[in-house]
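Enquirer: Mind looking over this structure? Questions follow.
The values are calculated or read from the model by the stated rules, or taken from the named source; none is laboratory data. All figures in this text were calculated on a predicted structure; none of them were measured in a lab. Here the Cβ positions follow ideal geometry from the backbone for every residue, glycine too, while neighbour counts run over all protein chains shown.
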Amino acid sequence: MKYAKLHIKKANYNEQYSRKNNIKILNIPENKEENETSLANTVSEILKINTEVDLQPIDVVAMYRIPTKKGKFRPVIIKLRNNSVKSAIMRKRAPMKSNGYRLVDDVTKPNQGLINRLLPHPNIDSAWYFNGAVYGKTVAEERIKFDINDNVNDVRENFRQYRRNGGIN
């Protein structure tokens, strides 16, 4: 069981690492005649208007829509060539959101499930994904890194013991 959990953790890490240069954009309207070129032009125009980032074709490895619930616009995944372009775009999330588009990291299903598990927990104030890992902030203002196999209460207690011992396990 211990080895199975370890391998699942490593597989999740590897999948998340492969998505590190991906961005997901939500709420981009679909067109019946949409193709790869028209989608790329639409996304580039939206980014240029809302983020002032001029997305060059050389920066994009792939761009496509992914399935979603019926009745909603399918999200667009953009796989970028490097992290500097992604960072430039992600820093401008606020203008995108104010214009009705959501810009999010492409997070693996296990990591999204972990965030969804953390958010309703009474001792966790907020949870987020950053740089390949999931973090949570407790109601006591402690920022803790969580793993997909973690028991939230155990992690909080281990973190407190670690802090009480002056950072020594």
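Enquirer: Only one of these is over 24 Å from GLY136 (Cβ atoms) and part of a strand (DSSP E or B): LYS79, LYS24, LYS70. Name it.
Expert: That would be LYS79, the only listed residue that is over 24 Å from GLY136 (Cβ atoms) and part of a strand (DSSP E or B).
Let's see how each residue does on (1) farther than 30 Å from LYS145 by Cα; (2) over 18 Å from the mean Cα position of the chain (by Cα):
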{"position": "GLU45", "(1), (2)": "yes, yes"}
{"position": "LYS48", "(1), (2)": "yes, yes"}
{"position": "TYR64", "(1), (2)": "yes, no"}
{"position": "LYS79", "(1), (2)": "no, no"}
{"position": "ARG93", "(1), (2)": "no, no"}
{"position": "ASN99", "(1), (2)": "yes, yes"}
{"position": "ASP105", "(1), (2)": "no, no"}
{"position": "ASN111", "(1), (2)": "no, no"}
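Enquirer: Moving on to the next point. Determine which member of the set ASN14, ASN41 is modelled with pLDDT of 95 or more, loosely packed, with under 14 Cβ neighbours inside 10 Å and out of contact with any helix residue (DSSP H, G or I) (no Cβ under 8 Å at 6 or more places or on another chain).
Expert: Sole residue among the options that is modelled with pLDDT of 95 or more, loosely packed, with under 14 Cβ neighbours inside 10 Å and out of contact with any helix residue (DSSP H, G or I) (no Cβ under 8 Å at 6 or more places or on another chain): ASN14.
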